[in-house]
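> Dropping a structure here in C-alpha cells format, bear with me for questions.
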Amino acid sequence: MAEKPKTGVFYGWIVVAAASVILALQWGFHESFGIFFTELYRDLVLTRTEVSGSYALFYVVSSTLGILTGRLNDKYGPRLMLMISVIVISIGCALMSVVNTLWQLYVVYGVIIAIGASFGWVPVIATVCHWFVKKRGMALGITKGATGIGMFIMPPLSQFLIIKLGWRISYLIIAGLICAVGLPASRFTSLDPAEKGLYPDNMKGTVKNTGNDKRISNIRDFTIKQALRTKQFWLLFALSAIFALPFGIWVHLKAYMVGFGISEMTAANVIGLSGAAYVVGVLVINNISDRIGRKKPLIISLLFMGLMMLWLLRAREPWEFYVFTIIIGFFWGGLGLFSAIIADWFGLKFLGSIFGILDASWGIGAGISPILAGYIFDTTGSYQLSIIMGAVVIFITTGLALLLRHPDEPASTVI
C-alpha cells in the first residue's frame, strides 16, 4: 500500500518543467522547417524534393541515433544528454545561416542538427516515465504538450523574423534563444527519483499502474532482448513506421497554402495554431488514458486524424485550414500514448533503450514521406495524391491499433 506523499513540490514536476522547456524550444525550431522551406528552395535554387531530402535525412539520423542515446541516458542520465542536445542544435542552427549549397544543407540540418535532436527526445521521454507511474499519462501529456507550445510560438515568430530580417539572421537569433534558455533548464533534470531520495509519484510503494488494458508496473521490467521477442513490440514498431508516412505533407503545408493565395504570415499562424490545439489534446487525451486505458483514445485519435486528411483535400480558404489544424492538432495529442504504452508494457529499467529502438521506426516513415511529397509535387504540380495517400495510411494504422494488447509477463529479467 502506498504511503501518503511528502509535502512540498514533488521534484518530478520540476523535471517535467525543465524537460518541457527544452522540448518546446527544440520542437518549435524543428516544426518551423516548413516556414523556412519556401525560402530555402527559392534562395538556394533547389527543387522541393531536394530540400525535403534534408528534412527526411534529419528524421533518419535522429531516430536511428535514438537507439544509442536511449542507452546512454539509461547509463549517464538526462543532464549530460540534454546539455549535449542543446549545444549541438544551437551550433547547427547557427550554421544554417551560412548554408549555400545542397550538400551543406544536408550536412547541417540532416546530420548536425539531427544528432543534437537525438540527444533530446528519447532521453526526455524515458526520464519522465521514471518519475511517474500512476500519473504517467498526465506527466507525459504535460511534457509532450510543451512541444505544442513551441509549435504554437516558433512558426509565426520565425515567419515574422524572416519578413523583418531575412531567413539567415532568423536562424542566428533562434540559435541564441535555444542555447540561452535550454542550457540552464538541462541542469534541473535527473533520471531516477532515488537520486533525490524520493519515490515515483512521491509515494512510497508506488509500483503499479492498474486500470484498463492491464497496464503493468515498473517491477516487471523487460530486458531489451525480451522486448524484441514479443509480437507486441514489433506491432508498435510497425504502427509507428506506417503512421509517420502521411506527415511529410506537414513540411509542405505552408507552400501548399501559399499556392492557394494565402499569405505567408497567415499560413504560419495556421501551422502555429496546430501546436496550441496539440497542447490541449495531449493533456486531455493522456489524462483520460490514465482512467480508461491507452487503446481506445489512441484508436479514436487516429480515426479523426484520417478524416481530417480528407478535409485537407477540399481546403482552399484560410478558415478551412484553421479547422484542419485545430482538429488534427488536438487528436495528434493521442500519439503521446505510444510512449506511455511502452512504459506500461515493458517497464522502466531498460526503457530508454527500448523506446530508442521503437522511436527509430518513426524515422523510417518520416524519412520517406517528405521526399515523396516533394517528388509528387515536382512531377505533378500538386499535393493531392500525397494527401490521399496520407489519409489511407492513417486508416490502415487505425485498423492495426485494434490489434494492440499487453505482452505476457517476462519469465525472467536476467539477460
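The values are calculated or read from the model by the stated rules, or taken from the named source; none is laboratory data. Predicted model, so just to flag it, every value in this text is computed and none were measured. Cβ placement follows ideal geometry from the backbone for every residue including glycine, while neighbour counts extend to all protein chains displayed.
> Kindly check whether there is at least one residue in region 198-206 that is surrounded by fewer than 19 Cβ atoms within 10 Å (Cβ to Cβ) and either modelled with pLDDT of 80 or more or not in a loop (DSSP other than H, G, I, E, B) (or both).
Scanning region 198-206, I find no residue that is surrounded by fewer than 19 Cβ atoms within 10 Å (Cβ to Cβ) and either modelled with pLDDT of 80 or more or not in a loop (DSSP other than H, G, I, E, B) (or both), so the answer is no.
> Among 260, 304, which is the only one that is of a type in the set (Phe, Trp, Tyr) and part of a helix (DSSP H, G or I)?
Exactly one residue qualifies, and that residue is 304.
> Still on this model: Output yes when any residue across region 48-62 is touching a Ser or Thr at 6+ places or on another chain (Cβ under 6 Å) and at pLDDT below 85, and no when none is.
There is no residue in region 48-62 that is touching a Ser or Thr at 6+ places or on another chain (Cβ under 6 Å) and at pLDDT below 85.
> Here's another thing I want to ask about it. Scan region 142-177 for residues that are part of a helix (DSSP H, G or I) and over 19 Å from the mean Cα position of the chain (by Cα) and report the count.
Result for region 142-177: 21.
> Mind checking which residues of region 256-303 are at pLDDT 90 or above and more than 21 Å from the chain's Cα centre (by Cα)?
Scanning region 256-303 gives 256, 257, 258, 259, 260, 261, 262, 263, 264, 265, 266, 267.
> A further question on this structure: What is the residue count in region 126-141 for residues that are closer than 15 Å to residue 345 by Cα and touching a Leu at 6+ places or on another chain (Cβ under 9 Å)?
6
> Now a separate question. Could you tell me which residue of region 70-102 is nearest to residue 179 (Cα to Cα), considering only residues that are surrounded by fewer than 24 Cβ atoms within 10 Å (Cβ to Cβ) and of a type in the set (Val, Ile, Thr)?
Top of the filtered list is 87.
> For the list (1) closer than 28 Å to residue 280 by Cβ; (2) in contact with a helix residue (DSSP H, G or I) (Cβ under 7 Å, 6 or more places away or on another chain); (3) touching a residue at least 40 places away in the same chain (Cβ under 8 Å), I need the number of the one condition that residue 344 fails.
So residue 344 meets the others, but not (2).
> Tally time: how many residues in region 364-380 are surrounded by 21 or more Cβ atoms within 10 Å (Cβ to Cβ), more than 15 Å from residue 37 (Cβ to Cβ) and either at pLDDT 90 or above or polar (S, T, N, Q) (or both)?
Count: 1.
> While we're here: For region 32-53, state whether one or more residues are hydrophobic (A, V, I, L, M, F, W, C), closer than 27 Å to residue 141 by Cβ and without any contact (Cβ under 8 Å) to a residue 12 or more places away in the chain.
No, the conditions are met nowhere in region 32-53.
> Also, I was wondering about something else. Looking only at region 358-384, filter to residues that are β-branched (Val, Ile, Thr) and under 16 Å from residue 239 (Cβ atoms); which one of those is nearest to the chain's Cα centre (by Cα)?
364
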